[in-house]
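Engineer: One structure is given below, represented as C-alpha cells, and several questions about it will come after.
All of the numbers you see were taken from the coordinates with simple rules; none came from a lab. Keep in mind that this is a model prediction, so the values were computed, not measured. Cβ atoms come from the backbone with ideal geometry, glycine included; neighbour counts cover every protein chain shown.
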Amino acid sequence: MNFSSGMKPNMVTFVTLLPVCGRIGDKRLVAQIHGSVVKVGFNFEVSIGNALVDAYGKCWNSDDSKRVFDEMVDKNGVSWNAIITSLAYMGLNRDALDMFRLMMDVGLKPDSFTISSMIALLVELEFFNLAKEIHGFSLRFGIEHDVFISNTLIDMYAKSGHPSAASNVFHHMNVRRNVVSWNAMVANFAQNRLELAAIELLRDMQAHGEVPDSITLTNVLPACGQVGFLRNGKEIHGRTIRLGSNHDLFVSNALTDMYAKCGYLNLAQNVFNNSVKDEISYNILIVGYSQTSEWTKSVGLFSEMGLIGLKHDVVSFMGVVSACANQAAFKQGKEIHGLAVRKHFHTHLFVANSLLDFYTTCGEIDTARKLFDQIQHKDVASWNTMILGYGMLGELNLAISFFEALKEAGIEYDSVSYIAILSACSHGGLLDEGRKYFEAMKAQKFKPTEMHYACMVDLLGRAGLLEEAEQLIKSLPITPDANIWGALLGACRIFGNVGLGCWAAENLFKLKPQHAGYYAVLSNMFAEAGKWDEANRVKEMMKLRGARKKPGCSWVHIQDQVHAFVVGERMERLNPTLWLA
C-alpha cells in the first residue's frame, strides 16, 4: 500500500479494511494489506490477526488463513471462531471439526456463534451424534437458550429424523422466537412427513404475530401437496399474492409443485405461465404431466427447455422417459435415450432405471436386459423393474431367477420386490410359488400392503379359488382398497360368479364411483351370464353417476411434435403447413 502522503494507517484502518476485502473476495488486496501490517509492526496484534484469518478464509485461501492463525502469539475466542468459521466457509468441514476439538482441549469456552456454526457444520456432514454432543456442550456452558443455537438445534434434530426432539427445543426456548425459529419448525414437520402439523404451525405462527416469509411458504406448500390439501394450498397462494412473494422464484416453484401434486395441473400450468422460470420449474411440470393423458406436454416442455437454453438434468430425463413409458411411446423414448447418451446422463442410476422401465413397458425386454447388464451399481429398483418386466411378458422362469439372484447380489429385497414376484406368479398362474413367496415375505417381517393383498387375491382368483379369495379379504387387518376389490371382480367375471362379483362391485363403487372400467366389467359379467336387464341397469347407473370411459386416442409425430387425436376428431386445429412437410 502507498503511504506517500506521510499518513500511516493505524489498527482501526486495518481492522476496518480487511473485512471489506474479504467480502469482495480480493485475495491480492488482502495479501497487500497483510504486507503493510507486517511493515508497521501490527502483525502481533490479536484483533488484526483475527481479521486476517477471516479475510483469507473469505477469499478461499486456506493455507494463509491457517498460517496466520498458527503464527499468532496470542489467541482469544474470536481467533478460534475466525479459523473454525473460515474453514467451514471453504468447505473444509473436517478441518473445522478438528480445530473445534483443539479449542476445547486448550480449555477455551466456545460462544454461541461457535456452537451454532459447529452444529450447522456437523449437520452438513451428517455427523448427527457429534452434533448432539455439541448440544451437550451448550447445556454445560449455559448458552443453550441462545436463539441462534436453538434454531440450529431444531434444524439438526429435524434433519436427523427426530421431530419430537426438535419440537422440544422449540417449545422450551426462553428467548423470543424469530422467523428463522418458526421456519425451522415448519421445515421440521414437513421433512418428517408431519404435514398436518406443518400446516397447523403456520396458523400458530401468525397467531403469535410473526409474518411468514418466502422461506416459510416454500416449506409449508410441499406439505399441502403431499396430503392433497388444495384448499389450504390456495389460501397460502392468496397470501403470497398479498405479500407480493408470488413472484419469488422459489415460492412460484413451490406453488406449481403443490398444484401438480394435488392433481390440478391446469392451476400448476397457470402459475408456471405467469412466473419466472428455471430448470426446477420445468421439471415440476415434466414430472407432473408424465403420468397423465397429457403426457405429450412433458415431451413438449422437455424440448422447450433446450430451445430456451435451460439445461436438462437427471429429473428432466426421468420425467420425460416416464412420460414415454406411460403411453409406450417407443419412437419418442428412443430419441430421448439417444439424447441422454449424448449428454452422458444414461449412466446415472435413476435415469438408467427409468429407461429400464420404459423398455420393459414397451415390451422390449431384450433391450432392457442389455441396459441392465451395463448398469455398474444396480440398486433394488433396477432388479424390481426387470422382475416386473419379465412377469408382465410371461417370462416366469426368468422373473423367478432374477428374484433369487437379487439376494445373491447382496441387495436386500424390499416390499416392491415382493409385489413384482407375486404379480409374476399371478400372471403365470403359479399358485404354489406365489403362496410360498407371500409367506416368506411375512417371515422376513415385511408388513403386507394393499398391493401385496391385491396380488394374492388376483393369484387365488385366477386359479378359481374364489371362496378362498373372499375369506382372505374378510380376514384382512387393513381396509381393502380398489385394487383388492378390482382383482376379485375381474376373477368373478372370468368364472361367472355373479353374486361374489356384485359384492366386489358394490364396494368398488363406494371407493371409485366414477371409474368407468369397473362398471364395464360388471355389465359384461351380467351380459355373459344372460342377465341383460341387469347389464343395462349398470350402464344406466354409469351414465347417472357421470362415469365415462376415456376415449382411446392415436398420435402423429410431425416435425418433432407429437399430436394426439381421437376417432372422428377434425384436424383443422393443427397447422396445415405441417401436412405439407
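Engineer: Can you order the peptides 221-234, 407-420, 245-258 by their average number of other Cβ atoms within 10 Å per residue, highest first? The partial results should precede the final answer.
Structural biologist: Values: 221-234: 20.4, 407-420: 16.2, 245-258: 22.4.
Going from most to least packed, we get 245-258, 221-234, 407-420.
Engineer: A 32 angstrom limit on the alpha carbon distance is what I want to check against. Which of K159/K261; K58/K261; K331/K447; K277/K510 exceed it?
Structural biologist: Values: K159/K261 23 Å; K58/K261 41 Å; K331/K447 40 Å; K277/K510 41 Å.
The pairs that break the limit, which is 32 Å between Cα atoms, are K58/K261; K331/K447; K277/K510.
Engineer: To continue, here is another question. Binning at 10 Å from 0, report for the chain what percent of all alpha-carbon pair distances ends up in each bin.
Structural biologist: Result, from short to long distances: 3, 12, 16, 21, 20, 13, 7, 4, 2, 1, 0, 0 percent.
Engineer: Against the longest principal axis of the chain, how steep is helix 147-159, in degrees 0 to 90 to the nearest 10, with axes from Cα atoms?
Structural biologist: 30 degrees
Engineer: Test of understanding: what is the full-extension gain from D204 to N174, defined as 0.36 nm times their sequence separation minus their Cα-Cα distance?
Structural biologist: Working: separation 30, 0.36 × 30 = 10.80 nm, distance 1.77 nm.
Extending this stretch completely gives an extra 9.0 nm.
Engineer: Could you derive backbone 3J(HN,Hα) for the range 300-317 from the dihedral phi with the Karplus parameters 6.51, -1.76 and 1.60 (θ = phi - 60°), listing whole Hz in sequence and x where the residue is Gly or Pro?
Structural biologist: Values per residue, Gly and Pro as x: x, 5, 4, 5, 4, 3, x, 5, 9, x, 7, 8, 5, 10, 4, 5, 4, 5 Hz.
Engineer: Sequence gap at least 6, Cα distance under 8 Å: using those rules, report the relative contact order of the range 177-276 to the nearest whole percent. Mind showing how you got there, number by number?
Structural biologist: Values: 122 pairs, mean separation 23.7, N = 100.
It rounds to 24 percent for the range 177-276.
Engineer: Nearest 10 degrees, 0 to 90: what angle lies between the long axis of helix 279-290 and the longest principal axis of the chain (Cα atoms)?
Structural biologist: For helix 279-290, the angle is close to 10 degrees.
Engineer: Work out the length of the dipole vector of the range 37-95 about its Cα centre, built from +1 on the beta-carbon of each Lys and Arg and -1 on the beta-carbon of each Asp and Glu, and round it to the nearest 20 debye.
Structural biologist: Details: 6 positive and 8 negative charges, 20 e Å.
So the magnitude is around 100 debye.
Engineer: About the Cα centre, and with charges only on the beta carbon of Lys, Arg (+1) and Asp, Glu (-1), how big is the dipole of the chain? Nearest 20 debye, please.
Structural biologist: On the way: 55 positive and 59 negative charges, 230 e Å.
Value, rounded to 20: 1100 debye.
Engineer: Right, something else. Going by average Cβ neighbours within 10 Å, how do the peptides 22-32, 276-286 rank, with the highest at the top? If you can, show how the numbers build up before the last one.
Structural biologist: On the way: 22-32: 15.7, 276-286: 20.5.
Top to bottom by mean Cβ count within 10 Å: 276-286, 22-32.
Engineer: Also, quick follow-up: So what's the back-of-envelope 222 nm ellipticity for the chain, counting only DSSP H runs of four-plus at -39500 (n - 2.57) apiece and dividing by all residues, rounded to 500?
Structural biologist: Values: 32 runs with 405 residues, N = 581.
Result for the chain, helices only: -22000 deg cm²/dmol.
Engineer: Would you work out the relative contact order for the chain, in percent, from Cα pairs under 8 angstrom that are 6 or more residues apart? Before the final figure, lay out the partial values.
Structural biologist: On the way: 764 pairs, mean separation 24.4, N = 581.
Relative CO of the chain lands at 4 percent.
Engineer: Now for a different question. Whole Å is fine, so just give me how far the alpha carbon centre of the range 347-426 lies from that of the range 441-490.
Structural biologist: 23 Å
Engineer: Would you please put 103-115, 517-529 in order of how densely packed they are, using the mean number of other Cβ atoms within 10 angstrom per residue and starting with the highest? If you can, show how the numbers build up before the last one.
Structural biologist: Numbers: 103-115: 15.5, 517-529: 19.1.
Taking the mean over residues of other Cβ atoms within 10 Å, the ranking is 517-529, 103-115.
Engineer: Would you give the gap between the C-alpha center of the range 206-274 and the C-alpha center of the range 68-104, rounded to a whole Å?
Structural biologist: The distance from the Cα centre of the range 206-274 to that of the range 68-104 comes to 41 Å.
Engineer: Working from Cα positions, state the angle (0 to 90°, nearest 10) between the long axis of helix 498-511 and the longest principal axis of the chain.
Structural biologist: Rounded to the nearest ten degrees, it is 30.
Engineer: Across the range 271-336, how large is the tail of the calculated P(r) beyond 17 Å, expressed as a percent of all Cα pairs?
Structural biologist: Numbers: 698 of 2145 pairs.
Percentage above 17 Å: 33.
Engineer: Here's another thing I want to ask about it. Take the alpha-carbon centre of the range 151-185, take the same for the range 302-319, and report the distance between them in whole Å.
Structural biologist: Their Cα centres are 37 Å away from one another.
Engineer: Next question. Mind checking which aspartates and glutamates have their Cα closer than 12 Å to the Cα of K311? Skip sequence neighbours fewer than 8 apart in that chain.
Structural biologist: Hits, sequence-local ones excluded: D278, E279.
Engineer: Using the Karplus equation 6.51 cos²θ - 1.76 cosθ + 1.60 (θ = phi - 60°), what ³J(HN,Hα) coupling, rounded to whole Hz, does each residue of the range 362-372 give in order, writing x for Gly and Pro?
Structural biologist: 7, x, 8, 5, 5, 5, 4, 5, 4, 4, 4
Engineer: Just grab the label-to-label distance for L243 and V380, each label 7 Å out from Cα along the Cβ direction, in nm (one decimal).
Structural biologist: 3.8 nm
Engineer: Relative contact order of the range 218-314, please, whole-number percent, based on alpha carbon pairs below 8 angstrom and at least 6 residues apart. Please report the intermediate quantities before stating the final value.
Structural biologist: On the way: 108 pairs, mean separation 21.2, N = 97.
Averaging sequence separation for qualifying contacts and normalising by length gives 22 percent for the range 218-314.
Engineer: Please give every one of the lysines within straight-line cross-link reach of K109, meaning a C-alpha to C-alpha distance under 20 Å, and leave out same-chain neighbours fewer than 8 residues apart.
Structural biologist: By straight Cα distance, K109 reaches K75, K132.
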